[in-house]
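Undergrad: This structure is in structure tokens; I'll ask about it shortly.
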Amino acid sequence: MANYDYDLFVIGAGSGGVRAARTAAATGARVAVAEDRYLGGTCVNVGCVPKKLYSYAAHFHDAFEDSRGFGWTIPEAPQFDWATLRDNKIEEIKRLNGIYGRLLDGAGVKLINGRAKVVDTNAVEVNGERITAEKILVAVGGWPWTPEFEGSELTVNSNQVFDLDSFPRRFLVLGGGYIAVEFASIFNGLGADTHLIYRGELFLRGFDQEVREFTRDEMAKKGVNLHFETNIERIRRVEGGLEVTLTNGERLEVDAVLAATGRRPHLEGLGLEALGVQLDTDGTLKVNERFESSVPSILALGDVTGGPELTPVALAEAMHLVQHHFGDKTPPPLDYENIATAVFCHPNIGTVGLSEEEARARFDAIRVYSADFRPMKHTLSGSDERCLMKLVVDDASDRVVGAHMVGDEAGETIQGIAIAVRARLTKADFDATVGIHPTAAEEFVTMRSVTRR
Ligand SMILES: Cc1cc2nc3c(=O)[nH]c(=O)nc-3n(C[C@H](O)[C@H](O)[C@H](O)COP(=O)(O)OP(=O)(O)OC[C@H]3O[C@@H](n4cnc5c(N)ncnc54)[C@H](O)[C@@H]3O)c2cc1C
């Protein structure tokens, strides 16, 4: 048997890489991980964590407004200071980076700071040193992608937007995915005059249509300027800002433009082409159920492969991968159905399972139960924010195959519902569940009349 330096060499200390490294080391494997930017990867540094912190910051805007109806007077208009938020965020992330470092250290994983390149089926090169391993795990994640147009170099991407030097009083987001929608809500909530530009007819493609429309209306009510079916033609620097010309002829003057136009696998310069490692048509790394690429000693997981680009998916893949390659029994294939997700726009979206449209295509007959109501909190707050809750049921089996919510803390609510949907519970099970009163979530167990068939 060949004598390798390590049993597993992980490239990338992000969500998936760190989990795989630690879990493999716990089985007694000799593991090293290379990281060239920041411990914790996208999620900790420029993704989920800072995004959620900024989303909390933006929610205060509504909270100050809402408090009046409950008897509070705020003597002076609250002021928002971008530098405080940004710098406190930087400190928190430094703390998390430290925790990740200590987790790896405590697990006995060797951390190498540097950019790794795969130079052979069982060898990598980092900082000029060749290191061999029985298995190499490519956990390099993705990288923001911006289309080219006149002035596209004047945009910032999602890696940069968290650390802008000054707060953009006039902000424009290009894109229609969840990241675009979230940043539009965040900057709007923080007080920027915010525009979202999307070339399609409506943002959040792939989500339930009613959820998309409801979110559009709620975001517009909160003051986000939504421009659909148009694109950026050019951006020019002008006195005091950026002039953005849209393909529909409209012109906007703003202080910053965020291009949230998608992410691509971070494979450049990694050396995989030379080894003939196969890619899928979308440029992601093709892997089998055991997370092996077309070169079996080279494994991959997370955003660099074609699955849902979510941290909990990368973590689940890491646990599966380790069971396959370092465990004593073969796990069942990872189930990618019914993965719950949230979009932290304002109000939030929480969703699990099939959209109404997907369910119609998959089943002969479905029932839809929905509630569109003014949450109790807003009886006194005076806010006109509404909440949408929706269950999609397969008529033949009575199984709840989709649950969707747009409203306060929708992610928190849907996480619990996701267990029921994954456990294949029926509408009768939902109906038999006694609600928690007074909550918005109790609607999920009290919707009795069919909205549509
Ligand atoms: C703005 C934004 C918001 C998001 N919000 C959410 C959310 O709310 N919920 C959620 O579940 N997911 C969210 N995500 C997605 C989530 O961050 C990713 O799905 C997750 O981080 C993927 O993990 P990963 O291990 O595949 O890669 P990553 O976490 O991206 O880690 C890859 C690591 O590899 C390193 N690396 C790359 N190439 C090399 C090399 N050659 N040598 C050494 N190191 C290398 C990188 O520096 C990076 O640290 C968000 C993403 C973005 C961009």
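No lab work stands behind these numbers, since they all come straight from the coordinates. On a predicted model such as this, the values are computed, not experimentally measured, just so you know. Using ideal geometry, Cβ is built from the backbone for each residue, glycine included, and neighbour counts are taken over all protein chains shown.
Undergrad: Which of rounded, prolate, oblate describes the stretch 74-120, given a ≥ b ≥ c as roots of the alpha-carbon gyration tensor eigenvalues and a/c under 1.5 marking rounded, otherwise prolate only if a/b is larger than b/c?
TA: On the way: a/c = 6.60, a/b = 2.66, b/c = 2.48.
Because a/c hits 1.5 or more and a/b exceeds b/c, the stretch 74-120 counts as prolate.
Undergrad: Just report the Cα centroid separation between the stretch 382-429 and the stretch 50-109, whole Å.
TA: Taking the Cα centre of the stretch 50-109 as reference, the centre of the stretch 382-429 is 29 Å away.
Undergrad: Another question, if that's okay. I'd like to know which of Gly411, Val421, Gly435 lies farthest towards the positive end of the charge dipole of the stretch 393-453, counting +1 on Cβ of Lys and Arg and -1 on Cβ of Asp and Glu.
TA: So the residue we want is Val421.
Undergrad: What does the charge count around Ala29 come to, taking other residues whose C-beta lies under 11 Å from its C-beta (Lys +1, Arg +1, Asp -1, Glu -1)?
TA: Details: positive: Arg22, Arg30, Lys135; negative: Asp7, Glu134.
Charge balance in the 11 Å sphere: +1.
Undergrad: Restricting to the chain, what percent of DSSP beta bridges are antiparallel, rounded to 5?
TA: Values: 47 of 79 bridges.
The answer is about 60 percent antiparallel.
Undergrad: Tell me the label-point distance for the pair Glu65, Thr446, using the 7 Å Cα-to-Cβ offset, in nm and rounded to one decimal.
TA: Distance between the two pseudo-spin positions: 2.7 nm.
Undergrad: If you don't mind, there's one more thing I want to ask. Rounded to the nearest 20 Debye, what is the dipole magnitude of the chain about its Cα centre when Lys and Arg each give +1 and Asp and Glu each give -1 at the C-beta? Write down the numbers at each step before the final one.
TA: Values: 48 positive and 66 negative charges, 129 e Å.
In debye, rounded to 20, the chain gives about 620.
Undergrad: Further, regarding this structure: Using only alpha carbon pairs under 8 Å that are at least six residues apart, calculate the relative contact order of the chain and give it in whole percent. All intermediate terms of the calculation are to be shown ahead of the outcome.
TA: Working: 925 pairs, mean separation 69.6, N = 453.
It comes to 15 percent, rounded to a whole number.
Undergrad: With every atom except the alpha carbons ignored, what do you get for Rg and Dmax of the chain, in angstroms?
TA: Just the Cα atoms of the chain yield Rg and Dmax of 23.8, 75 Å.
Undergrad: How compact and how long is the stretch 317-434, expressed as Rg and Dmax of its alpha-carbon atoms in Å?
TA: Just the Cα atoms of the stretch 317-434 yield Rg and Dmax of 17.3, 59 Å.
Undergrad: What do you get when you divide the Cα radius of gyration of the stretch 13-114 by 2.2 N^0.38 Å, with N the number of residues? Each step should come with its number before you reach the end.
TA: Working: Rg = 19.5 Å, N = 102, 2.2 N^0.38 = 12.8 Å.
Output field value: 1.53.
Undergrad: Let me ask something additional. Could you give each residue of the stretch 55-65 its phi-based ³J(HN,Hα) in whole Hz, using Karplus coefficients 6.51, -1.76, 1.60 with θ = phi - 60°, and x for Gly or Pro?
TA: My calculation for the stretch 55-65 gives 5, 4, 4, 5, 5, 4, 3, 5, 4, 4, 5 Hz in order.
Undergrad: Between beta-carbons, use under 13 Å as the cut-off and find the net charge around Gly435, counting Lys and Arg +1, Asp and Glu -1. Intermediate results must be reported in sequence, preceding the final value.
TA: Numbers: positive: Arg448; negative: Asp431, Glu442, Glu443.
In short, -2.
Undergrad: So, in Å, what gap is there between the alpha-carbon centers of the stretch 123-176 and the stretch 203-278?
TA: 15
Undergrad: Something else now. Taking +1 at the Cβ of each Lys and Arg and -1 at the Cβ of each Asp and Glu, which of Thr379, Thr215, Ala359 sits farthest along the dipole of the chain towards its positive end, judged by Cα position relative to the Cα centre?
TA: The one lying farthest along the dipole's positive direction is Ala359.
Undergrad: Two decimals is fine: what's Rg over Rh for the stretch 152-261, C-alpha atoms, Kirkwood radius as Rh? Let's see the in-between values first.
TA: Numbers: Rg = 13.1 Å, Rh = 13.9 Å.
Computed over Cα atoms, the ratio is 0.94.
Undergrad: Follow-up question, since we're still on this one. May I ask which of Lys52/Lys94; Lys51/Lys221; Lys135/Lys286; Lys110/Lys135; Lys94/Lys135; Lys117/Lys329 have a Cα-Cα span longer than 20 Å here? Provide the component values of the computation, followed by the final result.
TA: On the way: Lys52/Lys94 16 Å; Lys51/Lys221 22 Å; Lys135/Lys286 16 Å; Lys110/Lys135 15 Å; Lys94/Lys135 30 Å; Lys117/Lys329 31 Å.
Check vs 20 Å cut-off fails for Lys51/Lys221; Lys94/Lys135; Lys117/Lys329.
Undergrad: While we're on this one: Would you kindly derive the ³J(HN,Hα) couplings of the stretch 90-104 from the backbone phi angles with the Karplus curve 6.51 cos²θ - 1.76 cosθ + 1.60 (θ = phi - 60°), listing them in order in whole Hz, with x for Gly and Pro?
TA: So the Karplus estimates, Gly and Pro as x, are 4, 5, 5, 6, 4, 4, 5, 4, x, 4, 4, x, 5, 4, 5 Hz.
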